[in-house]
Amino acid sequence: SGDYATAFTQDFKSNHIFDPQSLQSPQKMASVSVIATSGAYADALATAMMVMEPQSSLALAQRLGADVLLVDKNGTTAST
């Protein structure tokens with residue numbers, strides 16, 4: 001999942017992913033890639049992790065046995 005796929009603004013601040021609590025596009029993450037037991041499962045996790053705090057995403061991935069690569073808006077990466 002990423003803000004680059006369908007952006008509504010040139011700066012990618014408004015895109016096709018919305019945080020269900022704020023109803024805004026995520027402002028921290030630019031991209032989340034997940035390897036999981038199925039493509040559908042990986043897609044669901046990646047979309048959810050776009051709106052989660054990075055440390056929470058990493059903890060969830062470890063708990064579920066998934067691999068994840070997080071890229072924030074500054075290009076900083078974190079992975080399991």
- [ ] Provide a single number: the residues in the range 1-38 that are more than 11 Å from the chain's Cα centre (by Cα), among the hydrophobic types (A, V, I, L, M, F, W, C) and at pLDDT 90 or above.
- [x] 3
Open item on the list: Can you pull out every residue in the range 9-41 that is open to solvent by 40 Å² or more (accessible area, probe 1.4 Å), over 18 Å from Gln55 (Cβ atoms) and touching a strand residue (DSSP E or B) at 6+ places or on another chain (Cβ under 6 Å)?
Closed with: Ile35
Task: Every residue from the range 34-72 that is closer than 22 Å to Gln24 by Cβ, in a helix (DSSP H, G or I), of a type in the set (A, V, I, L, M) and in contact (Cβ under 8 Å) with a residue 24 or more places away in the chain - done: Ala46, Met49, Met50, Val51
TODO: Look through the range 42-80, keep the residues that are within 25 Å of Ser14 (Cα to Cα) and among the charged types (D, E, K, R), and return whichever of them is surrounded by the fewest Cβ atoms within 10 Å (Cβ to Cβ).
DONE: Glu53
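The values are calculated or read from the model by the stated rules, or taken from the named source; none is laboratory data. Bear in mind that the values here come from a model prediction, so they are computed numbers and not experimental data. Note that we place each Cβ from the backbone using ideal geometry, even for glycine, and neighbour counts take in every protein chain shown. These area figures cover heavy atoms from the full protein model, side chains too; ligands, DNA and RNA do not enter into them. Shrake-Rupley method; radii C 1.70, N 1.55, O 1.52, S 1.80 Å.
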